[in-house]
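Right, one structure below, let's go through it.
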Amino acid sequence: MQTIPGIGRLGSEIIIAETGGDVAQLASAHHLASWIGVCPGQNESAGVSKSGRTRPGNANLKRLLGVAAMVAIRNKGSYLGVFFRRLTARRGGKRALVAVMRKLVIAVWHVLHDHEPYRDLGADHFTRRDPERAMRRMLKEANSLGLTIRFDPIPA
């Protein structure tokens, strides 16, 4: 579990102590996130969205995950750091931090369930996933600076 960014030896010991180390009783990673209390709340009535506060959960794990998320987002070359910065631009810092905490919980569940180390998707995950979107963003940014860009494919 120490392969997950932000979680060290003491953090992994606390997680195992609080969860029992056996996640077989939980049907999915989302159940663990709900038990800890880092899943997004949803309160809608008559089509109007009200408070989306997180639910009260395991306070010890929530505190540990908050610290781990702050450590994980400091790494500029990691998937979690890029995810945080992308989400902060749209939703704000606190909501983005809770989203990173949830990503960490899902990673913890998969590490405990599958008995495999954590694999970081990398900082360029979103660019690899949708390269046309990245090109559109670059074009828009260059146009706002008064420049033009031409994209030519690299010959193989």
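The values are calculated or read from the model by the stated rules, or taken from the named source; none is laboratory data. What you are looking at is a predicted structure, and each value in this text was computed from that prediction instead of being measured. Note that each Cβ is placed from the backbone with ideal geometry, even for glycine, and that neighbours are counted across all protein chains shown. SASA here: full protein model, heavy atoms, side chains in, ligands and nucleic acids out. Shrake-Rupley method; radii C 1.70, N 1.55, O 1.52, S 1.80 Å.
Here are some residues: Ser34, Ser28, Ser12, Ser51. Which one is out of contact with any strand residue (DSSP E or B) (no Cβ under 7 Å at 6 or more places or on another chain), hydroxyl-bearing (Ser, Thr, Tyr) and farther than 18 Å from Ala99 by Cβ? Working first, answer last.
Working: Ser34 fails: farther than 18 Å from Ala99 by Cβ; Ser28 fails: farther than 18 Å from Ala99 by Cβ; Ser51 fails: farther than 18 Å from Ala99 by Cβ.
From the options Ser34, Ser28, Ser12, Ser51, the qualifying one is Ser12.
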Members of segment 13-25 that are on the phi < 0 side of the Ramachandran plot and either part of a loop (DSSP other than H, G, I, E, B) or open to solvent by 10 Å² or more (accessible area, probe 1.4 Å) (or both) | Glu13, Ile14, Ile16, Ala17, Glu18, Thr19, Asp22, Val23, Ala24, Gln25
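Out of Ser28, Ser51, Ser34, report the one residue that is without any contact (Cβ under 8 Å) to a residue 24 or more places away in the chain, of a type in the set (S, T, N, Q) and open to solvent by less than 60 Å² (accessible area, probe 1.4 Å). Full working, then the answer.
Numbers: Ser28 fails: without any contact (Cβ under 8 Å) to a residue 24 or more places away in the chain; Ser51 fails: open to solvent by less than 60 Å² (accessible area, probe 1.4 Å).
None of the others qualify; the one that does is Ser34.
When the residues of segment 130-156 are filtered to those that are part of a loop (DSSP other than H, G, I, E, B) and of a type in the set (A, V, I, L, M), which remaining residue is least open to solvent (accessible area, probe 1.4 Å)? Please lay out each step first, then the result.
Filtering segment 130-156 down to residues part of a loop (DSSP other than H, G, I, E, B) leaves 130, 145-156.
From what's left, of a type in the set (A, V, I, L, M): 145, 147, 149, 154, 156.
Details: Leu145: 126, Leu147: 96, Ile149: 72, Ile154: 154, Ala156: 149 Å².
Filtering segment 130-156 for residues that are part of a loop (DSSP other than H, G, I, E, B) and of a type in the set (A, V, I, L, M), the one least open to solvent (accessible area, probe 1.4 Å) comes out as Ile149.
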Within the group Val38, Val82, Val71, which residue is modelled with pLDDT of 85 or more, under 16 Å from the mean Cα position of the chain (by Cα), of a type in the set (A, V, I, L, M, F, W, C) and assigned to a loop (DSSP other than H, G, I, E, B)?
-> Val38
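Going by the conditions given, is Leu64 under 14 Å from the mean Cα position of the chain (by Cα), modelled with pLDDT of 90 or more and farther than 25 Å from Asn43 by Cβ?
Values: under 14 Å from the mean Cα position of the chain (by Cα): no; modelled with pLDDT of 90 or more: yes; farther than 25 Å from Asn43 by Cβ: yes.
So Leu64 does not fit the description; no.
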May I ask you to verify whether Pro5 is open to solvent by 40 Å² or more (accessible area, probe 1.4 Å) and either closer than 15 Å to Leu104 by Cβ or touching a helix residue (DSSP H, G or I) at 6+ places or on another chain (Cβ under 9 Å) (or both)?
-> no
What about Ile154, is it free of Cβ contacts under 8 Å to residues at least 24 places away in the same chain and more than 20 Å from Leu26 (Cβ to Cβ)?
-> yes
Would you pick out the residues in segment 104-129 that are assigned to a helix (DSSP H, G or I), out of contact with any Lys or Arg (no Cβ under 9 Å at 6 or more places or on another chain) and free of Cβ contacts under 8 Å to residues at least 24 places away in the same chain?
-> Asp114, Arg128, Arg129
